[in-house]
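Below is one structure, written out as C-alpha cells; the observations come after it.
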Amino acid sequence: MPSPIDVCFLTISSILFLMYVIFLISLLAYRSTAPLRSGFFTLTFILGVFDVLQMAHVYIFLRFPSFGWFTDEIYLQLPTWLVHYASCAMWALAVNQHLTVLFIALNRLSAIVFPHEHKRRWRESVIRVITVIICCSGPIYVSPKIFLQSVERYKITDNRSRSATIVWDNQDLLLTFKYSAAITLSIASLICFLSYVSIFYTSIQRHIMSAKRRATLLTKRRSSSSATVLTAASAGRRKSSGAVSKSSKGSFDFKPSHVHAVSIRNLAKKVSIRAQTKSTQVVILWEKRELKLAVCGFIIFTFMFIYTVGVCNMSVDDSARQQAAHRSIWMASSDLFSGINPLLLIIVSKSLRSRFLAVLCCNWNERQYSPQPSTSF
C-alpha cells in the first residue's frame, strides 16, 4: 500500500495532470491569438505534451506497481516487449523534456538579454527545425537500448505489499545509460543555470537603471514645477500690487496672489501625473514580467537539478528493493518537474490565465479576445 507521502504525491500529481491537460487545450484553442502564437508558447506546448506523457508513463509503469496495485494480476503478466517499451519511453521522454527546457531557456535568453532581432532568430521555420530536433532526440538517445534488445522485467520488492519495480538484466548497459544521462543532464542544467542567471542579472540591472531614470525625471519635473509656481507667484504679486494701487484710485479691486499659485500648482501636479506615458507603463510592465520569468525559470531549473541528482543517485548493482528505494528521489522530482510548468505560467501571465479559465469554464466567447502582442512572452 502507498505511504502517506506517496498518497500526497499522487494527489498533487493528479491535480497537476488535469490542470496540464486543460492548459494544453487552452494553448491549442488559442494558438492563433497573441501572445500564444509566439515561439515561446510553441515550445511550451511541446514541453507540455512530453510532460503529460512522462507523468502517465511513470505512474502507470512505475508508481502503481510500487504501490502494490495489480502487481500479480497485470504487471507480472505483461509481455517483455511492453516492459521494454515502457523503460525506453521513460528514458526517451526524459531526454525530450530536458532538451525542450534547454531551448526554452535559450529562447528567454534571446528575448530578454539579446532582444534585438529576437523574432527573426525564433521565426516559425526555426521553431519547426527545433521541434524536429527535440522529437528525434529521445528515440536517438535510447536507440542503443532498442537495438541491443535488452531485457527488462518486473520484480517483487516486498512480498507483503506485493510492490514491484522494473529491473534490467543487462546491468552494464544500465550503468552506461546512467552515466551518459548524468553527464547530458548536468550539461543541460549548467546551460539553463547560466541562461537564467544572465536573465535575472539583466532584469535587475534594467530595473535599477529604469528606477534611477524615473527618479531623475521626477526630480527634474518637481524642480520645473517649483520654478513655474514661483514665477507665477511673482507675477501674481506684481499684478496684485498694481491692483492695490489702482483700487486706491477707484479703478480695481484687490485679488490675493496665493490663488494664482495654488491653481498653477494643481495644474503642475496634473501634468506630472500625465507625464507617465503609455510607453513608460509598458516598460514597467516589461520589467515585472522579466523578473517573474527569471523566478519561474529558476524554479523549473531547481526541479531539473533535483531530477539530475535523482538520476545520479540511481543504484545499479543492488537488489530490486534497493534500486526502487534509490529511485524515490528521481520519481518525486519527475512528478514536480513534469507538472509545475503550467502552474507557474498561469500565475505569471494574466492573458494565459484568462484563457485557461475560459477553457475550464467552457466560455468559448473568450476565443474572440486577442490582446496586443507581448514581447516578454
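The numbers here are math on the coordinates, done by the rules we state, and not lab data. Values in this document were obtained by computation on a predicted structure and should not be read as measured data. Because the Cβ atoms are built from the backbone with ideal geometry, glycine has one as well, and the counts that use them run over all protein chains shown.
Miscellaneous remarks
- Cα gyration tensor shape of the range 30-146, rounded if a/c is under 1.5, else prolate or oblate by comparing a/b with b/c: prolate
- Spherically averaged projected area in nm², based on the convex hull that wraps the Cα atoms of the range 111-227: 14.8 nm²
- Sorting 88, 362 from the fewest to the most surrounding beta carbons within 10 angstrom yields 362, 88.
- Long pairs among 220/350; 178/292; 119/212; 212/292, criterion Cα-Cα beyond 32 Å: 220/350; 178/292
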